[in-house]
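Below is one structure, written out as structure tokens; comments come after it.
Quick note: the coordinates plus some simple rules give every number you see, no bench work behind them. As the structure is a prediction and not an experimental result, all values here were calculated from the model. Here the Cβ is made from the backbone with ideal geometry for all residues, glycine too, and neighbour counts use every protein chain on show.
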């Protein structure tokens with residue numbers, strides 16, 4: 001679902017191949033827009049796989065000059081409740097009329113006979129995805145503007161009333177952090193390959209310190225710089241992507257996940273942010289609080305530790321898929337090895353607290 005250009009796609013990996021002709025027939029009959037494109041020369045569909053991404057295999061579909069994106073569940077045995085492409089499709093459809101920009105979702109198909117697993121197709125958004133959080137190709141004022149719009153869209157998402165967009169039943173009400181800790185503990189156990197001491201400490205400490213009262217709203221679940229498509233020539237968000245983990249939840253926990261990048265050396269920790277033009281974490285948080293009209297975020301370190309704990313569990317799942325041979329990305333094994341340092345980073349946020 002990224003805006004990577006064609007030279008950042010690859011031939012479809014062997015483990016993720018499907019019958020393109022069968023998909024073409026399905027789309028010709030099901031999606032009038034694509035059917036019309038297929039009636040023009042050359043009149044056939046081609047598919048290449050995006051090289052990035054760690055979860056759901058994602059493909060660039062081309063028919064003449066028109067381009068679309070297909071996102072599917074990976075084949076093989078999967079962790080329970082993971083890779084929910086149906087939920088991705090639903091929330092993107094629901095958010096289309098809101099201030100949160102999303103790709104236009106065209107069709108969802110639950111029939112595994114078409115490409116082997118459930119999938120959906122959406123428009124291709126032509127823009128830019130920034131993989132390096134320091135934005136090395138930009139000037140300081142451009143970096144500041146990019147992060148400001150990233151902040152603005154997070155606030156817009158968290159101000160939406162789920163019921164007003166038909167998402168009142170998109171998740172369970174209340175106890176978001178406690179439920180998420182339990183969920184990711186279960187996912188971690190299901191993919192555990194070796195003991196990680198920091199994860200064991202987090203699994204014990206986090207449930208005992210989860211907030212009893214929480215605000216509720218729409219949580220993206222993975223909102224960060226490289227899950228947003230920006231306009232190529234201006235600091236404006238064109239589309240928020242990768243909604244696989246979206247649910248009803250605590251907006252403050254969702255925002256803290258975005259802020260986790262300031263605590264990670266591979267992203268922003270230890271950088272001269274003032275020289276780069278990137279806001280300090282405190283500035284980024286203050287801007288969000290102004291936009292959402294909240295005074296402050298209480299116990300922010302808990303939320304950051306919780307966010308990094310989730311990341312560690314996700315990375316452990318990536319490692320498990322790499323071993324099983326059904327990971328979406330070729331560098332899945334390397335990503336999986338980051339589970340331990342991520343858990344240790346999470347524990348550092350709260351070490352020494354009772």
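Each part gets one Cα centre, and for the range 286-317 versus the range 13-51 those centres are 40 Å apart. Principal-axis analysis of the Cα atoms of the chain puts helix 20-30 at an angle of about 90° to the longest axis. Kindly state, to the nearest 0.05, the FRET efficiency for residue 294 paired with residue 172, given R0 = 25 Å and r defined as their beta-carbon distance. Between residue 294 and residue 172 the formula returns 0.65.
Can you figure out the FRET efficiency of residue 149 with residue 271, using R₀ = 35 Å and their beta-carbon distance, to the nearest 0.05? The computed FRET efficiency comes out at 0.95.
Cβ neighbours within 10 Å, averaged per peptide: list 252-262, 17-27 in order, most packed at the top. Intermediate results must be reported in sequence, preceding the final value.
Details: 252-262: 23.3, 17-27: 16.8.
Taking the mean over residues of other Cβ atoms within 10 Å, the ranking is 252-262, 17-27.
Take every Cα pair under 8 Å whose residues are at least 6 apart in sequence, average their separation, divide by the length of the range 6-123, and the relative contact order is 23 percent.
Taking a ≥ b ≥ c as the square roots of the eigenvalues of the Cα gyration tensor, the range 154-266 is oblate, since a/c reaches 1.5 or more and a/b is not larger than b/c.
Compared with the dominant principal axis of the Cα atoms in the chain, helix 281-292 is inclined by about 70°.
Subtracting the Cα-Cα distance of residue 201 and residue 15 from their residue separation scaled by 0.36 nm leaves 63.3 nm. As a rough footprinting exposure proxy, the listed residues 191, 296 were ranked by other beta carbons within 10 Å of their own, and the order from fewest upward is 296, 191. For the options 285, 69, 304, a Gaussian network treatment of the chain with springs between C-alpha atoms closer than 10 Å singles out 285 as fluctuating the most. If you take the alpha carbon atoms of the range 6-123 and fit the smallest convex hull around them, that volume is 119 Å³ per residue. When a/c is below 1.5 the answer is rounded, else prolate if a/b is larger than b/c, else oblate, so apply that to the range 140-350 with a ≥ b ≥ c taken from the square roots of the Cα gyration tensor eigenvalues. Because its axes are fairly even, with a/c under 1.5, the range 140-350 counts as rounded. Of the residues 317, 217, 43, the one that moves most in a GNM of the chain with alpha-carbon contacts below 10 Å is 43.
Using the Cβ-Cβ distance between residue 232 and residue 164 with R0 set to 35 Å, the FRET efficiency from 1/(1 + (r/R0)^6) comes to roughly 0.65. Taking 315, 70, 276 as the candidate residues, the one with maximal mean-square fluctuation in a Gaussian network model of the chain, Cα springs under 10 Å, is 276.
For the chain, what mean projected area does the convex hull of the alpha carbons give, in nm²?
Values: hull surface 70.2 nm².
One quarter of the hull surface, i.e. the mean projection, equals 17.5 nm².
Angle of helix 339-350 to the longest C-alpha principal axis of the chain, folded into 0 to 90 degrees and rounded to 10: 40°.
Calculate, in nm to one decimal, what residue 126 and residue 29 gain on full extension: separation in residues at 0.36 nm each, minus their alpha carbon distance. Don't skip to the answer; put the middle values down first.
Working: separation 97, 0.36 × 97 = 34.92 nm, distance 2.56 nm.
Full-extension gain reported as 32.4 nm.
For the chain, calculate the relative contact order in percent as a whole number, restricting contacts to Cα pairs under 8 Å that are 6 or more residues apart.
Values: 620 pairs, mean separation 68.1, N = 354.
RCO, the chain: 19 percent.
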